[in-house]
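For reference, the structure discussed in these notes is given below.
The values are calculated or read from the model by the stated rules, or taken from the named source; none is laboratory data. Predicted model only: the values in this text are computed from it and were never measured. Every residue, glycine as well, gets a Cβ built from its backbone with ideal geometry; the counts of neighbours run over all protein chains shown. Surface areas here come from the heavy atoms of the whole protein model, side chains and all, with no ligands, DNA or RNA. Shrake-Rupley method; radii C 1.70, N 1.55, O 1.52, S 1.80 Å.
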Amino acid sequence: MITKPETKFDLEAIRNEFPILNQKVNGQDLVYFDNAATSQKPKKVIQAIQDYYQNINANIHRGVHKLSQLATDAYEASRKTLQEHLNARFAHEIIFTTGASQGVNLVARAWGGKFLKSGDIILVSGMEHHSNIVPWQIIAQEKGAEVLPIPILESGELDLEAFHELLKKNPVLVAVNHVSNALGTINPVKEIIKLSHEKGALVLVDGAQSLPHMKIDVQDLNADFYVVSGHKAYGPTGSGALYGKEDLLKEMNPYMGGGEMISEVKFSGSTWADLPHKFEAGTPHIEGGIVLGKAIDWMNEIGLEEISRHENELLIYAQSKLNELEGFRPIGQAKNKASVLSFLMEGVHPYDLGMILDQLGIAVRTGHHCAQPVMDSYKIPGTIRASFAVYNTKAEIDRFVQGVQQACEMLR
Amino acid sequence: MESIQEIQEEIVDDFALFEDWMGKYNHLIDLGKDLPEIDDAYKTDDHLIKGCQSRVWLHADMKGEKIHFSADSDAIITKGIISLLIRPLNHRSPDEILNADMGFVDEIGLKEHLSPTRANGLVSMIKQMKTYALAFKAKSL
Ligand SMILES: Cc1ncc(COP(=O)(O)O)c(C=O)c1O
């Protein structure tokens, strides 16, 4: 259990942890609202990267020497941090990856490669990031399996009735995100998992967008696979993890061959190492793995409840302010939302708006957000997306809303 | 008719009148609004330029010895940028277009304002115009 420190939520102190925020862009104070793409990193994380290379850099799991042991211990300690944070039963159910994309690809290849058969059905929600669509399409094509979308409603929520119907086709696997990067929707994954299991389907949850915003409990959810990404949760790029249930991971093929993942190598045939090493061939992103644990510690020091309370306040504030502007059209208004605000301004192309905001020092994302099927279901080419992190402020939202207004005046 | 270079110099001079980015962008937006409309028949997928984040359609016709360009985009700033490129290159021979140095765009101080994806789009647009010129040249040989 992580005991919550006594300190209260101190936004200024939190902002001071992020040196990058303290700069001018195009002559104006930076407002960083592209957190769903990647978050900024606190000093503790930046420092931990430097500490690793200054003090303990060595290859892990190999050397008998001191540095290798220190690096190995730090790496395994981070695995333990992830295990506790996600509430996995065992540390060896945590596989380090380079991010959410690799997590999905690993399962598609190592599970799908072994178990998918011709005619099998995989259900993929209609609000997935391309990372949780394309790997399934690739393996399905190889195996003669079929990928079917779970439709979404105008509200930006999954169409659960349609999902019920689709389950009657007896899919073998359901892939769904916990939080949508394009719409902010928090999906009812616990319910989806329960319903899927009743039909014998496994469920992979894409937690790329949930890790930075909410407490995750893979046992309570009863998820079979859960992938997370470090760089969206205050950690380094190229870091991430796959959680998988022990028995599933044990049955799966290896993903990559190479050093560290073997038990014995002979030309007559090789045998695989135990979990988690079976899936961790080659020298990993050691410092990334170690520092991902530090990023999680950092979030827990503030407290995920505090983080999501603050972000939710920002979301509500931004939405109410934008609502006052003419032609504001929010895209995705699920009842349960994380701090992602996707929208359009009538008569203005998102890209033009993004360009003007950039001139004003405000960073947002424009386009389809790697979720083209979402845009297709709304029949729009893309949106403007502002996504908030724990260090953002209402004053920044004021500047953003003012910027949107100014841009619309220029562009209309 | 003015030379390609003369028109480019004019464009650079026009932009120099604006001191801040707002003026430059407003000018670009005005140019975008003034861009002659493209025939709807050419707003098809095979006229789309790859590498732009907004959709850009470009069409070229050969009229006598000269190439005539028309283009459109769903984003207005992009339209303004297209207009900058079309103005010097319109109604020129394939050789003139192929030999044109389009470095003037840098002098406007636009590229530094353009995000890398947008700058890529700019390069794609120029490349596509030159590709048309090359195709017409090959046909006429
Ligand atoms: C919902 C979702 N899934 C997957 C990804 C891909 O994550 P990564 O960059 O860690 O591969 C992203 C990132 O954009 C995302 O938002």
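For peptide B:87-100, what's the mean number of Cβ atoms from other chains within 10 Å of each residue's Cβ?
Taking the mean over all residues of the peptide, I get 0.
Can you give me the Cα centroid spacing of region A:178-241 and region A:111-133 in angstrom?
First find each Cα centre; the distance between them is then 16 Å.
Compute and list, largest first, the equivalent-ellipsoid semi-axes of region A:47-300 from the alpha carbon gyration tensor, each √(5λ) rounded to a whole angstrom.
Computed over region A:47-300, the values are 32, 22, 14 Å.
Any chance you could look up the accessible area of B:E65 with a 1.4 Å probe, heavy atoms only, rounded to 10 Å²?
140
What is the magnitude of the charge dipole of chain A about its Cα centre, with +1 placed on the Cβ of each Lys and Arg, -1 on the Cβ of each Asp and Glu, and no other charges, expressed in debye to the nearest 20? List each step's numbers first, then the result.
Numbers: 39 positive and 49 negative charges, 111 e Å.
Approximately 540 debye in magnitude.
Residues in region A:186-225, backbone N under 11 Å from the label point at A:F115 (7 Å along the Cα-to-beta-carbon vector): list them, ranges by number please.
Flagged as within label range: A:200-204, A:224-225.
Assuming 0.36 nm per residue, please report the length gained on full extension of the stretch A:D29 to A:K199 beyond their Cα-Cα distance. Intermediate results must be reported in sequence, preceding the final value.
Values: separation 170, 0.36 × 170 = 61.20 nm, distance 5.30 nm.
Stretched fully, the A:D29-A:K199 segment lengthens by 55.9 nm.
Is the protein assembly as shown rounded, prolate or oblate when judged by the Cα gyration tensor, a ≥ b ≥ c being the square roots of its eigenvalues, rounded requiring a/c under 1.5 and prolate requiring a/b larger than b/c?
Prolate shape, in that a/c is at least 1.5 and a/b is the bigger ratio.
Putting +1 on Lys and Arg Cβ atoms and -1 on Asp and Glu Cβ atoms, find which of A:S239, A:A91, A:W272 reaches farthest to the positive end of the dipole of region A:47-300.
My answer, from the dipole projection, is A:W272.
Using the charge dipole of the protein assembly as shown (Lys, Arg: +1 at Cβ; Asp, Glu: -1 at Cβ; taken about the Cα centre), state which of A:N35, A:H65, A:G230 has its Cα farthest towards the positive end.
Farthest along the dipole direction, towards plus: A:H65.
How much of A:H178 can a 1.4 Å solvent probe reach, expressed as accessible area in Å² and rounded to 10?
Rounded to the nearest 10, that gives 10 Å².
So how strong a dipole does region B:4-140 carry about its Cα centre when Lys and Arg Cβ are +1 and Asp and Glu Cβ are -1, to the nearest 20 debye?
620
Just add up the charged neighbours of A:V176: K/R +1, D/E -1, any other residue whose Cβ is under 9 Å from the Cβ of A:V176.
Computed value for this residue: -2.
Per residue of A:344-355, what is the mean number of Cβ atoms on other protein chains within 10 angstrom of that residue's Cβ?
Working: counts 0, 0, 0, 1, 2, 10, 4, 14, 12, 2, 5, 12.
Taking all residues of A:344-355 together, the mean is 5.
Dividing the convex hull volume of the alpha carbon atoms of region B:4-140 by its residue count, what do you get in Å³ per residue?
Value for region B:4-140: 101 Å³ per residue.
If you stretched the chain out fully between B:R87 and B:E6, how much longer would it get, using 0.36 nm times the residue separation minus the C-alpha to C-alpha distance?
On the way: separation 81, 0.36 × 81 = 29.16 nm, distance 1.10 nm.
Gain in length upon complete extension: 28.1 nm.
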